[in-house]
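The values are calculated or read from the model by the stated rules, or taken from the named source; none is laboratory data. From a predicted model like this one, the values you see are computed outputs, not experimental measurements. Counting neighbours? That spans all protein chains shown, and the Cβs are built from the backbone with ideal geometry, glycine included. Quick note on the areas: whole protein, heavy atoms, side chains included, nothing else; ligands and nucleic acids left out. Shrake-Rupley method; radii C 1.70, N 1.55, O 1.52, S 1.80 Å.
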Amino acid sequence: MTRPAPARATPARGPRPSAVAAVRARVPWPSAVAAALVTGYVTLFVVAMTHTSYDTWGALLILPVLMAVGTPVLARIAAANPERDVFRLLMLAMTAKLLCAFPRYLMAFVLYGGAADAKMYHQKGTELAAYLDQADLLAGVHYDLGMKVAGTGFVIIVTGVVYAITGPSLIGGFLVFSWLGFWGLLLFWRALQIAFPEADTRKYAKLVFFLPSLLFWPSSIGKDAWMMFCLGLTTYGTARLLDRRFGAFACIALGSVGTAMVRPHVTALAGAGLMVAYVLRKRPRQASALGPLRTILTAVVLGAMAVLMLQQVSTFFGTDGTGGDAVNQVLSETSRRTSQGNSMINATAPEDAAPKFSLNPAGLPVAVVSVLFRPFPFEASNIQNLIQSVECFALLVMFIRGWPRLRRLPRLFVQRSYIAFTAVYTLLFCWAFSTINNMGILSRERVQVLPLVLVLLVVPAASTAVRGAAERRPPPVWRVAPGQWGGGRRPPEAHPVRVGGSEPGEASAVRPPGRSPAQPPSRPPTRSPTQVPTTSPTTSPAQSPSQSPSQGGSTAP
């Protein structure tokens, strides 16, 4: 007789997961989102190629190329920085800077109907690129710009070279120049880390990379983006010179030539700040025998560069000499040329008059306020000026709130030569550009000084500076104070180290990474009941547990 098989116990079943939850668990969502973005971008690219010209769809080709070129460089920079989250910040900054090229294009060609310098640069650059494609470069280039090279002609040359590489694309040209402006901002940030490591570089990075004016204005084909890049290179070279690093003169020379070919008067202002900073530079503790000779040669080279810049300024503006009369003539002519449009600052002045500009330094405070913080909200005549006035007012509030830090500037002017460079350039720039009598032009020209003005807002407080000087250790490669990026510092040791007894039967403790052997562990060592308690000479009961590295103002290993 066959016995029936015993019934199997059926396990208790919970509620069956829905089909949506099962799909969510199986589908790799990051990869799916990336695939969707790539598919959408390719679809947009194909549609743009079908319905528009290369003047428009070329930007969809140039944008990923610029990102692909810049990403490895930013990764290398972030790898050399001891702080965390640097790569993410730099990638976000580059993306934001490139995307700002599109609203800048809309403002120039939609809001203003093409009444912008970028239109002329695009047309002339396209013609020059066509000539370069057909010319025999080895036999020499003979091309008539129809104007002198210095100034507008040089920007046309730069645009033509860019178009010879990328092809004549208007929006693509905006992207390339905006990309150049980003590298200028990066060089300003790097200069602060080299020459003034005690400053709040985290705050400075947020300001210099994401200030609306610095994002928006140097993002079009024109002088602003080129000047931002070259001024950043000059400032970076200055920081290396003040810190006695290799390659300083090459960066200063390249940056100065780049700015002198477009706006030589700005080069002269930067040169004046460099001369003052070099005179106030601290001498090394162990001076070599060639130190005085090197200092004399450097001073001679800087003096020769200053004379050449003054001559270039005189030639650029067509004045005789470089005295006070010539300066007054240039500044007065600048005020007359900018006294046009609905955004005039002094609307009561005759449009054809050339007002006399006073060289009296008593008017310097008014010039600083006018250049850095105008237009005020009640002076705005259109929506563009209103938006700009909000940023200027916010900047003014930041300076007022930072007054305790700003009170240290006279002392830091002598102690830190980079602050001297920043202050001299800022004051001279405000003094020279206070003659601009148009708020729109002033808002665009102001970006040439804002990266250095922002340095004054990140000066460390007195208590922070004293504590940092007392606890300073050999700095890392980038010389950045730790803990500023919000990610903590990296542990100096990968594995815990055992301290205490090493023989069988002795108590031992696990030392966390970063704790010196002389410090006691924060938790008493564990021992088995059969062990005899012994006391390590480094863990006496009289000693109190020390703070963890993240609790105090520690420095980088």
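Structure notes:
- Seen through its C-alpha gyration tensor, with square-root eigenvalues sorted a ≥ b ≥ c, the stretch 379-445 comes out oblate because a/c lies at 1.5 or above while a/b is not bigger than b/c.
- The stretch 28-133, accessible area per residue, ligands and nucleic acids excluded (1.4 Å, Å²): 55 Å²
- The HN-Hα couplings worked out from phi for the stretch 450-459 by the Karplus form 6.51 cos²θ - 1.76 cosθ + 1.60 (θ = phi - 60°) are 4, x, 7, 5, 5, 4, 5, 7, 10, 5 Hz, whole numbers, x standing for Gly and Pro.
- Accessible area of the stretch 364-433 divided out per residue, in Å², using a probe of 1.4 angstrom: 51 Å²
- Residue ranges 435-443, 172-180, 185-193 sort as 172-180, 185-193, 435-443 when ordered by packing (mean number of other C-beta atoms within 10 Å per residue, highest first).
- Surface per residue (accessible, 1.4 Å probe) for the stretch 157-270, Å²: 25 Å²
- Spin-label pair LEU106/ALA35, simplified geometry with 7 Å Cα→Cβ offset, distance in nm: 3.3 nm
- Using θ = phi - 60° and Karplus 6.51 cos²θ - 1.76 cosθ + 1.60, couplings along the stretch 69-82 (whole Hz; Gly, Pro as x): 6, x, 4, x, 5, 5, 5, 5, 5, 5, 5, 7, 9, x
- Distances between placed amide hydrogens fall under 5 Å for ASN438 paired with ILE345, all partners being 5 or more residues away or on another chain.
- Accessible surface of the stretch 22-180, 1.4 Å probe, proportion on carbon and sulfur as whole %: 69 percent
- Cross-link table LYS97/LYS119; LYS124/LYS206; LYS119/LYS206; LYS97/LYS223; LYS124/LYS223, entries beyond 25 Å C-alpha to C-alpha: LYS124/LYS206; LYS119/LYS206
- The phi-based Karplus calculation (6.51 cos²θ - 1.76 cosθ + 1.60; θ = phi - 60°) puts the 3J(HN,Hα) values of the stretch 164-177 at 5, 8, 9, x, x, 10, 5, 5, x, x, 4, 5, 5, 5 Hz, whole numbers, x for Gly and Pro.
- Descending by average beta-carbon neighbour count within 10 Å, the peptides 232-240, 250-258, 408-416, 162-170 line up as 232-240, 162-170, 250-258, 408-416, the highest first.
- Principal axis dimensions, largest first and in whole angstrom, of the stretch 104-202 by Cα: 52, 41, 25
- A simple spin-label model places the labels of LEU293 and ALA462 4.5 nm from each other, with each point 7 Å out along Cα-to-Cβ.
- Label-point separation in nm, THR95 to VAL369, each point 7 Å along Cα→Cβ: 4.2 nm
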